[in-house]
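The values are calculated or read from the model by the stated rules, or taken from the named source; none is laboratory data. Since the structure is predicted, the reported quantities are computational estimates derived from the model, not experimental observations. Reconstructed Cβ throughout: ideal geometry from the backbone, glycine too, with neighbour counts over all protein chains shown.
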Amino acid sequence: MIKRYKTKKIYVGNVPIGGDSPISVQSMTYSKTSDINATVEQIKALHFAGADIVRVAVPDMAAANALKTIKEQTTLPLVADIHFNYKLALIAAESVDCIRINPGNIGDKTRVKEIVKACQERNLPIRIGINCGSLEEQFENKYGQTAQGMVASAQYNIQFLEDLGFTDIKISLKASDVQRTVEAYRLLRPLNAYPFHLGVTEAGTLFHSTIKSSIALGSLLLDGIGDTLRVSITGELEKEIEVGRAILKDAGLIKEGLNIISCPTCGRIEADLVDAVAQVEEKTKHIKTPLNVSVMGCVVNALGEAKSADVAIAYGKGSGLIIKKGETIAKLPTQELLERFLKEVEEEAKKNS
Ligand code: SF4
């Protein structure tokens, strides 16, 4: 059982983050935010994929000015991502649900003060988004681009906001590699109670990011660290949500859909398991009820796995078994097994929904 760190609960729009709230999954659009139609399309795609929150880049005045119209066309909470120009944050604050700043590049603290004031007036939270590659000079000079440097920067900026009476804060500490990312979050976690936004930045393509994010976010989540997360994948939208939710599911932090146990296959295999499992994945995508199912290529481990599965197939020579909650309910020719299995899964899902 994972014991999550007790953190302060804040709200990004209507989505709670921290405290006992479910861990939310976010992503970020990659359209030019000033292209309102394209951005709304991407937000809708993310919403459909199951995103809880969406972040949009605000690199210029055209993007900042587009936010009001974008916000009118979506119900997903929006986070404005601000670098360098604090004035963009002041405009964004009029429309969005949260402001993300990178204190390392906003510059003079009077500018951060202005942003805090705008957020205070509208009850908006601020994400202090520390990136290892863009630490403030004093921290980079002292610590280099290290976890310690990120933590020092975070603490400095938390203190700065607290001194202004602002505590609706969440924090991210992102490096582009697993070790520094995990170290930074672990170092900072005992030092405050603000919710953490987890992520490995610039994590690469689908394959590499999935591995890096699974290791880093998985390690932290199993330590009870993390209140919201983003998996960064080059040029992907919906996959970021899919991978993020899968990490939460496989860490045991959410229960949704099928947990499919399938064997890796070997020379003992008695059926086309690769095709069977692909069909199971495809034809059960719509099921949100949490179910354990197992699809195994021969009897060696199938009966053992079936004991803890809601529904299972154990392939044998020319025929196989359908097993439900440990009980064999049918012995059928191989070609009939999949259809019966899917029927039983649908029934079980309905019964438990
Ligand atoms: S279940 Fe059977 S086919 Fe699958 S890996 Fe194990 S021994 Fe091989």
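Miscellaneous remarks
- For first residues located in the stretch 259-274 and touching a residue at least 40 places away in the same chain (Cβ under 8 Å) and hydrophobic (A, V, I, L, M, F, W, C), partners that are more than 7 Å from the ligand (Cβ to nearest atom) and not in a strand (DSSP E or B) and lie 6+ apart or on another chain with Cβ distances below 6 Å form the pairs Ile261/Glu305; Ala271/Thr334.
- Looking only at the stretch 259-278, and only at residues there that are under 15 Å from Thr334 (Cα atoms) and more than 10 Å from the ligand (Cβ to nearest atom), the one that is surrounded by the fewest Cβ atoms within 10 Å (Cβ to Cβ): Asp275
- Residue list for the stretch 90-110, filter: buried (at least 19 other Cβ atoms within 10 Å of the Cβ) and either under 27 Å from Val40 (Cα atoms) or among the β-branched types (Val, Ile, Thr) (or both): Ile91, Ala92, Ala93, Val96, Asp97, Cys98, Ile99, Arg100, Ile101, Asn102, Ile106
- For Lys113, the conditions (1) crowded, with 20+ Cβ neighbours inside 10 Å; (2) under 26 Å from Asn192 (Cβ atoms); (3) out of contact with any Leu (no Cβ under 6 Å at 6 or more places or on another chain) are fulfilled apart from (1).
- In the stretch 337-351, the condition of being of a type in the set (Phe, Trp, Tyr), away from the ligand (no atom under 14 Å from the Cβ) and not assigned by TED's automatic domain parsing to the domain that holds Gly218 is met by at least one residue.
- All positions within the stretch 56-115 that are under 23 Å from Glu162 (Cβ atoms) and of a type in the set (S, T, N, Q): Asn102, Asn105, Thr110
- Scanning the stretch 282-301 for residues that are of a type in the set (D, E, K, R) and either within 16 Å of the ligand (Cβ to nearest atom) or touching a Ser or Thr at 6+ places or on another chain (Cβ under 9 Å) (or both) yields a count of 1.
- Test for Ile323: is it buried (at least 16 other Cβ atoms within 10 Å of the Cβ), within 15 Å of the ligand (Cβ to nearest atom) and modelled with pLDDT of 95 or more: yes
- Selection count, the stretch 318-350, where residues are closer than 16 Å to Ala276 by Cβ and in a loop (DSSP other than H, G, I, E, B): 1
- Checking each residue in the stretch 118-157 for being within 27 Å of the chain's Cα centre (by Cα), over 18 Å from Ala184 (Cβ atoms) and surrounded by fewer than 15 Cβ atoms within 10 Å (Cβ to Cβ) picks out Arg122, Asn123.
- Residue count for the stretch 293-302 satisfying the condition of being surrounded by fewer than 17 Cβ atoms within 10 Å (Cβ to Cβ) and within 22 Å of Glu347 (Cβ to Cβ): 0.
- Where strands (runs of 3 or more DSSP E) fall entirely within the stretch 209-310, those with at least 1 residues that are in contact with a Gly (Cβ under 7 Å, 6 or more places away or on another chain) and not aromatic (Phe, Trp, Tyr) are at 228-230.
Here's the yes/no breakdown for (1) closer than 19 Å to Asp52 by Cβ; (2) in the same structural domain as Ile241 (by TED's automatic domain parsing); (3) at pLDDT 95 or above:
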position: Ser172; (1), (2), (3): yes, yes, yes
position: Val178; (1), (2), (3): no, yes, yes
position: Thr181; (1), (2), (3): no, yes, yes
position: Ala184; (1), (2), (3): no, yes, yes
position: Arg189; (1), (2), (3): no, yes, yes
position: Phe196; (1), (2), (3): yes, yes, yes
position: Gly199; (1), (2), (3): yes, yes, yes
position: Ala203; (1), (2), (3): no, yes, no
